[in-house]
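Encoded as structure tokens, the structure appears first; notes follow it.
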Amino acid sequence: MTIHVSARDYHREGHALGMVVMACGVMLLPVMDAIAKYLAAGGMAPGQIAFYRFFFQVLETVPVIVVLRGFRALRPKRLWLNLVRGCLLGGASLCFFTAVKILPLAEAIAIFFVEPFILTILSAVILGERVARGVWMAIVVGFFGALIVIDPSFSHYGLVALLPLGAATLFATYLLMNRALGVSDSPIIMQYAAGVGGSVFLGGILAVNGVAFGVADLAPSLPHSYGTWGLILALGAIAAYGHLLIVWAFQHTPAAVLAPFQYLEIVSATLAGYLVFAHVPTPSSLLGIAVIVGAGLYMFWRERY
């Protein structure tokens, strides 16, 4: 018996697979943040954790690249551009891991999710992209939601509550570079190159701090147990392949279909925060999260239609 599959059904099945892969990717990433918070609570400096995140991302992507494409693939087509992208991601991770050392996961990720709004602003100012009035309104509402989350966090934790905004700005700048300059390498090559750039950038910061400044959050250190080494290996693997799942999903499914799934990351972060750290978001934080998610979803809907 021959089964005929229409083009519409084929695309629907492809979209469904893309949505499943996207959901897996965004639900996995907060596990990386939870590991970083756990390691920081155990005494490891956030700067060192961020370095390990990129260093082991390199170590855990190189064998796959060599097997699939050979040693020549380890040199990206646009080496310096990819290294700069890695530095931006390294700075973003440093800001975010320093933040989650103190801030609850859900609140930190909620504040970070102003990134789409920052990217839209940068695209309008730098690239001259046209932004509809409704999208500008969504941006204002989204930032208002971030302020709702930041205010009690700022009262409790101080300036550290602003670090996710720094991480969001650096990550938006990274995405702006991708949009403006395009990509010429495969996703796994870009992950490897970003790992190299982030490792060099963060390794340099740790070295300079160790010699000259002595800032505790940037103190170089080595893992003290096999369990810690295992968590660091998991950190690098999730960083590399969690993001690859998201990239794969976007390559095979329209962005307008996948964009709302990004907010599952807040759900996963809230769950991880509760299960690992017994943290329940405050009512004001939940209100701010709802405002940010609502503004983001409206912006995606407005851009789609």
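The values are calculated or read from the model by the stated rules, or taken from the named source; none is laboratory data. Since the model is a prediction, treat every value here as computed from it, not as a measurement. Quick reminder, even Gly has a Cβ in these numbers, built from the backbone with ideal geometry, and neighbours come from all protein chains shown. The protein model used for the area step is the full one, side chains on, heavy atoms only, and it has no ligands, DNA or RNA in it. Shrake-Rupley method; radii C 1.70, N 1.55, O 1.52, S 1.80 Å.
Points to keep in mind about this one:
- Carbon and sulfur %, accessible surface of the range 207-248 computed with the full protein complex present, 1.4 Å: 76 percent
- Charged neighbours of ILE109, selected by a Cβ distance under 12 Å, balance to -3 (K, R count +1; D, E count -1).
- Label-point separation, ARG133 to VAL62 (7 Å along Cα→Cβ), nm: 5.6 nm
- Projected area averaged over orientations for the range 102-243, convex hull of C-alpha atoms, nm²: 11.2 nm²
- Cα gyration tensor category, rounded, prolate or oblate, for the range 7-115 with a/c compared to 1.5: oblate
- Relative to one another, the C-alpha centroids of the range 99-129 and the range 28-87 are positioned 21 Å apart.
- Taking all pairs of distinct alpha-carbon atoms in the range 64-139, Kirkwood radius in angstrom: 15.8 Å
- Charge dipole magnitude, Cβ of K and R +1, D and E -1 - the chain, Cα centre, debye nearest 20: 700 debye
- In terms of accessible area, using a 1.4 Å probe and ignoring ligands and nucleic acids, HIS252, HIS15 rank largest first as HIS252, HIS15.
- The range 27-175: translational diffusion in µm²/s, Stokes-Einstein, Kirkwood Rh over Cα pairs, 25 °C, 0.890 mPa s: 144 µm²/s
- Each principal axis of the Cα cloud of the range 232-271 was evaluated for its coordinate range; sorted largest first, these ranges are 34, 24, 7 Å.
- Rounded if a/c under 1.5, otherwise prolate or oblate - the range 184-228, Cα gyration tensor axes: oblate
- Fraction of accessible area attributable to carbon and sulfur, the range 36-122 (%, probe 1.4 Å): 69 percent
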